[in-house]
Amino acid sequence: MRQKNLRNQRSGMTLIVKTITRLTIGLILLFGIYIVLHGHITPGGGFAGGVIIALSFIHLMLAFGKDLALKKLSEVQASFFESLGAIMFLTIAILGFVGGYFFLNFFSDKGEPFRLFSAGIIPLCNVAICFKVGAGLFAIFAALVFLKIGSGEEK
Amino acid sequence: MLELYILSLLMIIGAIIAVEIKDLLSSVIAVGAVGLVLSVTFLILKAPDLAITQLVVELLCLIILIQATIKRGIPRVISRQSFLTIFVTLTFIGLFLAFAYSSLRDLPQFGHPIMRVANHYLEEGLNKTGATNLVASVILDFRAYDTLGEATVLFTAVIGVLAVLRKIGRKKTP
């Protein structure tokens, strides 16, 4: 049912682009999530991973048109995730006051190096920044490129 | 060092092409080439974090610019420059280069910074934060306040774009 909808959609690019997009988009999203979660072990981090996740949604929007991409991640959801990321980051920062100062790495056990669950607050900060950057850049792209502005272009 | 000079030369050539070429789409693609070469430069200088971020952000900017130039019929701007304009431009470029040559000689050597605080981060970073990626431990632990400022800048930019390009509440011009 969903596949049929995808195939029959008139908007967007040609069948070749749609097929390739269907194959690659999951990999791009997974790569973004990997970059975010391993930001404290390997190069990468919240900003780059967030932009990669935003790019996967932009890829969907370019290939299949605006409607389907906004169905996956609507503007309201994007603005919600952006605010959620900002509040998460601030909350982590303020939670540092339990030990004394702003942005304290308040986990006493830092964990073993090269493990996923290590380094205290740094992975949490990465996830917060990822939400913020990804949703924010997606919202900017949707607003800049696809929303018609003014009265002249609407007609 | 030689490859850095070659890459810098490529970047300068790409930037000049991007400014001088008449077709708007070719200009955008030249800007993208400059960004790609900059990413390779970061990679050679052993900064993979910056290389990833530069590449990805350049892709996003390129997509936005291409969408903005293909779909809209932006008129081509052709302005004839007078002799006086070129003369003034070249004079100021020469002045700037002369001052830059005399002042930039006092900078520390490439790879030998004056600030010693980086050594402290390199030695203590793994013990204090537990993160093996030292860049992450600097930007999210030692210097997290700066990251908060950067996040605030991005938040303000998103709110500004969404407020300027909004549909609701805009006055209809007849």
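The values are calculated or read from the model by the stated rules, or taken from the named source; none is laboratory data. Note that the structure is a prediction, hence the values are computed from the model and not measured. When we count neighbours, we look across all protein chains shown, and the Cβ atoms used for this are built from the backbone with ideal geometry, even at glycine. When the accessible area is computed, the model is the full protein with side chains, heavy atoms only, and any ligands, DNA or RNA have been set aside. Shrake-Rupley method; radii C 1.70, N 1.55, O 1.52, S 1.80 Å.
Points worth noting:
- Annotation note: trypsin sites (Lys or Arg not before Pro) in segment A:62-122 located in DSSP loop regions with a Cβ neighbour count of at most 13 within 10 Å are A:ARG115.
- For A:ALA139, the shell of other residues with beta-carbons less than 15 Å away shows a net charge of +3, using +1 for Lys and Arg and -1 for Asp and Glu.
- Interface area, chains A and B: about 3900 Å² of buried accessible surface, summed, with a 1.4 Å probe and ligands, DNA and RNA left out.
- Only DSSP H runs of four or more residues enter the estimate; each adds -39500 (n - 2.57), and after division by the residues of chain B the mean residue ellipticity at 222 nm equals -24000 deg cm²/dmol.
- In this calculation the C-beta distance from B:LYS46 to A:ILE33 is compared with R0 = 25 Å, giving a FRET efficiency of 0.45.
- Its Cα centre serving as origin, segment B:110-168 has a Cβ charge dipole (Lys and Arg +1, Asp and Glu -1) of approximately 320 debye.
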